[in-house]
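To start, the structure itself, in structure tokens.
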Amino acid sequence: MTKIPLLDFSRLAPEERTRLKEAFDRVLASGRFILGEEVAAFERECADFLGVTHAIGVSSGTDALLLSLVALGVGPGDEVICPAYTFFATAGSIARTGAKPVFADSCPGCWNLSPREVVRKRTPRTRALIPVHLFGQPAAMSRLLGLSRESGMALIEDAAQAFGARSEGKAAGGRGTLGCFSFFPTKNLGALGDAGLVTTEDGALAEKVRALRVHGSRIKYRHEWVGGNFRIDALQAAFLRARLPGVEAALEARRGNAALYEEAFLASGAAALCPEPCRCCGEEAEVPLGPPPAPILLPRDVRGEHTWNQYVIRYPADRDGLRRFLAEEGVQTEVYYPLPLHRQPCFLDKEGEAEELPVAERLARESLALPIFPGLTPEEIRRVVDLTVRFASRPVSRM
Ligand SMILES: *Cc1c(COP(=O)(O)O)cnc(C)c1O
């Protein structure tokens, strides 16, 4: 049985492989493995690519978020609004500063932080909000930036899954007070290990993030703040420089794969686009959720700006059964994310209670990520679609 993985580095193009080996040789020859010229060059190239003034390479996407919050002075007594339906690091970094993560529900149409929820959840203690460009689809930035200005809240973009995405002509991660990127190997731009980036237009914040990255010091052995070791390796910076020129082609391949999925799924008759409208920008009334229009529900590019870091379908009837079936057939899938953050044990209140956030809970129950990495072939995509449709069309009850 041929296996279809979620990611396969053995399919890297030969030219890219050669560039990575050259990068390794260059760093080895330089003898400089921490920060240095390689990191400075990577930061300049990233800043150019993203169209931002300051880009600071750091140890991971998680550390980018933590450093951004610390640089803003967020701490005990503060509240920070973030989505409940995201990777743990978004909220974990808030909690690590001593501030309180305030969980907001997602928009049913684009699955990103709902601006209405920001309005519902903001208080005089709200210091910042962290929208996430989930699965590579930009959040409703204009609306969220408007709210952040109106209420004097900082806006940190969690662009970990959206390197290279643009919204309204500007880079995702380049519009907020600070932007945070991850170069974890599965992301749009992947390192060969852990790495991350903080971006900002604010020179003072940039300088503070740079200092916090090396124990809060701008002058050696003089510490103005308590920072930590949040440095990016020179090797990872060099690998990322080798891959950066290929990132647009990789995003094009992801978009092509998403289009193939959509075409093949819709042609099967067993799938429909998710019917819920995006409610981020307009004043659409809440529509009660009707029965799904088809067994398989497909993700939508609601703003024409998706980068498809993940292709996440919904299968309300039996997501876990579908996942097991695909695994038996050699297709690797993943559930992002099975338990929304407001229900994580570490965030429950003393009574063990959590409020209801219906959209986040439904997405956590129904969603399944299918392989979409750039090296995937059209035949493999058709096989994933055929298997999924075959499972969804089986007459037996699987509930
Ligand atoms: C991957 C990811 C992170 C964390 O990035 P790491 O580099 O793995 O620390 C944060 N937020 C989101 C939404 C992510 O997907």
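Would you point out which residue out of Leu67, Leu50, Leu28 is within 16 Å of the ligand (Cβ to nearest atom) and either open to solvent by 10 Å² or more (accessible area, probe 1.4 Å) or closer than 29 Å to Asn309 by Cα (or both)? One residue alone meets the criteria, Leu67. Checked against the criterion of being surrounded by fewer than 20 Cβ atoms within 10 Å (Cβ to Cβ), in contact with a Pro (Cβ under 7 Å, 6 or more places away or on another chain) and touching a residue at least 24 places away in the same chain (Cβ under 8 Å), region 335-346 has no qualifying residue.
Restricted to strands (runs of 3 or more DSSP E) entirely inside region 82-168, those with at least 1 residues that are open to solvent by less than 20 Å² (accessible area, probe 1.4 Å), among the hydrophobic types (A, V, I, L, M, F, W, C) and within 19 Å of Gly179 (Cα to Cα) are 126-129, 154-158. Mind listing whichever residues of region 190-201 are assigned to a loop (DSSP other than H, G, I, E, B) and either out of contact with any strand residue (DSSP E or B) (no Cβ under 8 Å at 6 or more places or on another chain) or within 11 Å of the ligand (Cβ to nearest atom) (or both)? Once the filter is applied, which keeps residues that are assigned to a loop (DSSP other than H, G, I, E, B) and either out of contact with any strand residue (DSSP E or B) (no Cβ under 8 Å at 6 or more places or on another chain) or within 11 Å of the ligand (Cβ to nearest atom) (or both), region 190-201 yields Gly190, Ala191, Leu192, Gly193, Asp194, Ala195.
In summary, Ser59 fulfils each of the numbered conditions (1) surrounded by fewer than 24 Cβ atoms within 10 Å (Cβ to Cβ); (2) away from the ligand (no atom under 14 Å from the Cβ) with the single exception of condition (2).
Among the conditions (1) under 30 Å from Glu37 (Cα atoms); (2) assigned to a strand (DSSP E or B), the only one that Glu248 does not satisfy is (2). Can you find even one residue in region 366-373 that is out of contact with any His (no Cβ under 9 Å at 6 or more places or on another chain) and over 18 Å from Lys3 (Cα atoms)? Yes, the conditions are met somewhere in region 366-373. Of all the listed residues (Leu240, Leu235), the sole one being in contact with a Cys (Cβ under 9 Å, 6 or more places away or on another chain) and over 26 Å from Cys107 (Cα atoms) is Leu240. Test Thr90 against the criterion of being among the polar types (S, T, N, Q), closer than 23 Å to Asn229 by Cβ and touching a residue at least 60 places away in the same chain (Cβ under 8 Å), and give yes or no. Yes; evaluated as a whole, the condition is true for this residue.
The values are calculated or read from the model by the stated rules, or taken from the named source; none is laboratory data. For clarity, every value in this text was computed on a predicted model and none was experimentally measured. So basically every Cβ, Gly included, is an ideal-geometry build from the backbone, and we count neighbours across all protein chains shown. The accessibility values were calculated without ligands, DNA or RNA, using every heavy atom of the protein model including side chains. Shrake-Rupley method; radii C 1.70, N 1.55, O 1.52, S 1.80 Å.
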